[in-house]
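J.: The structure's right below; bear with me while I get my questions together.
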Amino acid sequence: MEAKQLVHLAEEFGSPLYVYDAQKIQSQYQRLENAFSKVGSLRINYAVKALSNISVLKLLKQFGAGLDTVSIQEVQLGIMAGYTPERIIYTPNGVSMEEIEEVAALGVQINIDNLSILEQFGTKHPKIPVCIRINPHVMAGGNSNISVGHIDSKFGISIHQMPHLLRIVENTGMHINGIHMHTGSDILDVEVFLYAAEILFETAAHFRELEFIDFGSGFKVPYKKDDIQTDVEELGTKLSKRFNNFCKEYGRELTLCFEPGKFLVSEAGYFLAKVNVVKQTTSTVFAGIDSGFNHLIRPMLYGSYHHIENLSNPAGRERFYSIVGYICETDTFGSNRRIAEIKEGDILCFYNAGAYCFSMASNYNSRTRPAEVLWHEGKAHLIRRRETIDDIVHNQVILNFEKEEVHN
Ligand SMILES: *Cc1c(COP(=O)(O)O)cnc(C)c1O
């Protein structure tokens, strides 16, 4: 989107503000679809946790997406957005047997990631088909917070536990209809992904009733100019070929699934905030904005980079700034950034603000959460109102400790 448009939206809807470009979500969706056009049956299940606004879910439904969910509430949001349960896969980690049964009862595809639950579920519900999440122990990327396929990860059933897994399946007579992996959010390299895929094919060969193989996500998106990103087209060519060969060996056409979050929505998002104060100290110049890590926690949580620009003064002389939030502890969005000269009142834009930004926002410091706007076919649509103090006290049960006055 253009800077002028974004400034205009900040004026119209106030700041701070999340803006999502529907066109970019669509082009990313189509890019993935095109990369895998040689596969007979492809399913792209959008990972709801990245950005869970119902209007965004409805938009993705228009493109033909299914959903990947990690909680029963995400399943419920999907159903509210009009998805049928068959279009939803549920991949929880460490949730109760009760929640899994509740989701299964809705008709949603269950994906189980540990042997204890697999055994319990298979014993109680041998007729309900289940997908199993495998941990191939492939180290993807460098950030251990978002890399989930390595040996110490809590996710998935280890490939080293295959004999035990097969015994459970045999003993319970349960029906395994899918094999899944999700190695993390920072895969740099197509070859690493293909290596993990081989492990998944090996595993898949053990099961005779498969309908799909789910390769999870891990697509890396660029955060800076010239950043390394997953070569989706190369992956598409190589994995499609391998997948089609596997289906031949297997003797049946299977569905190839992906569950991208970031890839679909990260670059479509813009976070707009206003500069409250410019503060010169002995070591740096701080620009303090009308937001904080309560609205965008990724830099503080796992050091992620969000490119920042001053939309109000695009041609201004560049200076070095530290961009900080108003939360009363360390709250830094970016240090030592070259940004066009900032004045109080300027609107700053944070890029890559579509994935894991609003969905991780909180009311910390008793601040209200921002509004969200979807830019669709040349028009701005408010898809979430800015919160008010009423939203903050909404669920509070307010006690009254004052003694009632006694009137004689
Ligand atoms: C979070 C998650 C995804 C999405 O990951 P991205 O890096 O946002 O694409 C996919 N599958 C599972 C099981 C997840 O937990």
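J.: Condition first: β-branched (V, I, T) and part of a loop (DSSP other than H, G, I, E, B). Now tell me which residues in region 224-271 satisfy that.
T.: Of everything in region 224-271, those that are β-branched (V, I, T) and part of a loop (DSSP other than H, G, I, E, B) turn out to be I228, T230.
J.: Sort through E99, E12 and tell me the only one that's within 16 Å of the ligand (Cβ to nearest atom) and either open to solvent by 40 Å² or more (accessible area, probe 1.4 Å) or outside the structural domain of L296 (by TED's automatic domain parsing) (or both).
T.: E99
J.: Still on this model: Going through region 166-183 one residue at a time, which ones are more than 16 Å from the ligand (Cβ to nearest atom) and not hydrophobic (A, V, I, L, M, F, W, C)?
T.: Across region 166-183, the qualifying residues are R167, E170, N171, T172, G173, H175, N177.
J.: Where residues in region 59-94 are hydroxyl-bearing (S, T, Y) and in a loop (DSSP other than H, G, I, E, B), which of them is surrounded by the fewest Cβ atoms within 10 Å (Cβ to Cβ)?
T.: T84
J.: Given the structure, is Y90 within 14 Å of the ligand (Cβ to nearest atom), modelled with pLDDT of 95 or more, outside the structural domain of S291 (by TED's automatic domain parsing) and touching a Pro at 6+ places or on another chain (Cβ under 9 Å)? Talk me through it step by step, then tell me what you get.
T.: On the way: within 14 Å of the ligand (Cβ to nearest atom): yes; modelled with pLDDT of 95 or more: yes; outside the structural domain of S291 (by TED's automatic domain parsing): yes; touching a Pro at 6+ places or on another chain (Cβ under 9 Å): no.
So Y90 does not fit the description; no.
J.: Out of Y29, Y46, which single residue is touching a Phe, Trp or Tyr at 6+ places or on another chain (Cβ under 9 Å), outside the structural domain of N310 (by TED's automatic domain parsing), of a type in the set (S, T, Y) and in a helix (DSSP H, G or I)? Walk me through how you get there before you give the answer.
T.: Details: Y46 fails: in a helix (DSSP H, G or I).
None of the others qualify; the one that does is Y29.
J.: Out of the residues in region 257-273 that are in contact with a helix residue (DSSP H, G or I) (Cβ under 7 Å, 6 or more places away or on another chain) and away from the ligand (no atom under 15 Å from the Cβ), state the one that is nearest to E341 (Cα to Cα).
T.: In this case the residue turns out to be L272.
J.: Can you tell me which residue is surrounded by the fewest Cβ atoms within 10 Å (Cβ to Cβ) among those in region 307-337 that are part of a loop (DSSP other than H, G, I, E, B) and small (G, A, S)?
T.: Checking each candidate, the answer is A315.
J.: If you don't mind, there's one more thing I want to ask. Given the criteria more than 22 Å from the chain's Cα centre (by Cα), small (G, A, S) and at pLDDT 95 or above, does A287 qualify?
T.: Values: more than 22 Å from the chain's Cα centre (by Cα): yes; small (G, A, S): yes; at pLDDT 95 or above: yes.
Yes: the conditions hold for A287.
J.: How about region 210-223: which of its residues are among the aliphatic types (A, V, I, L, M), within 16 Å of the ligand (Cβ to nearest atom) and part of a loop (DSSP other than H, G, I, E, B)?
T.: Across region 210-223, the qualifying residue is only V221.
J.: Further question on the same structure: Please give the number of the condition H206 fails out of (1) within 27 Å of K124 (Cα to Cα); (2) part of a helix (DSSP H, G or I).
T.: H206 satisfies all of (1) within 27 Å of K124 (Cα to Cα); (2) part of a helix (DSSP H, G or I) except (2).
J.: I'd like to verify a number: residues in region 340-359 that are open to solvent by 20 Å² or more (accessible area, probe 1.4 Å) and either within 12 Å of the ligand (Cβ to nearest atom) or among the aromatic types (F, W, Y) (or both), how many?
T.: So the count comes out to 3.
The values are calculated or read from the model by the stated rules, or taken from the named source; none is laboratory data. Note that the structure is a prediction, hence the values are computed from the model and not measured. All Cβ positions, glycine included, derive from the backbone under ideal geometry; neighbour counts span all protein chains shown. Heads up: the accessible areas ignore ligands, DNA and RNA and are worked out on the full protein's heavy atoms, side chains in. Shrake-Rupley method; radii C 1.70, N 1.55, O 1.52, S 1.80 Å.
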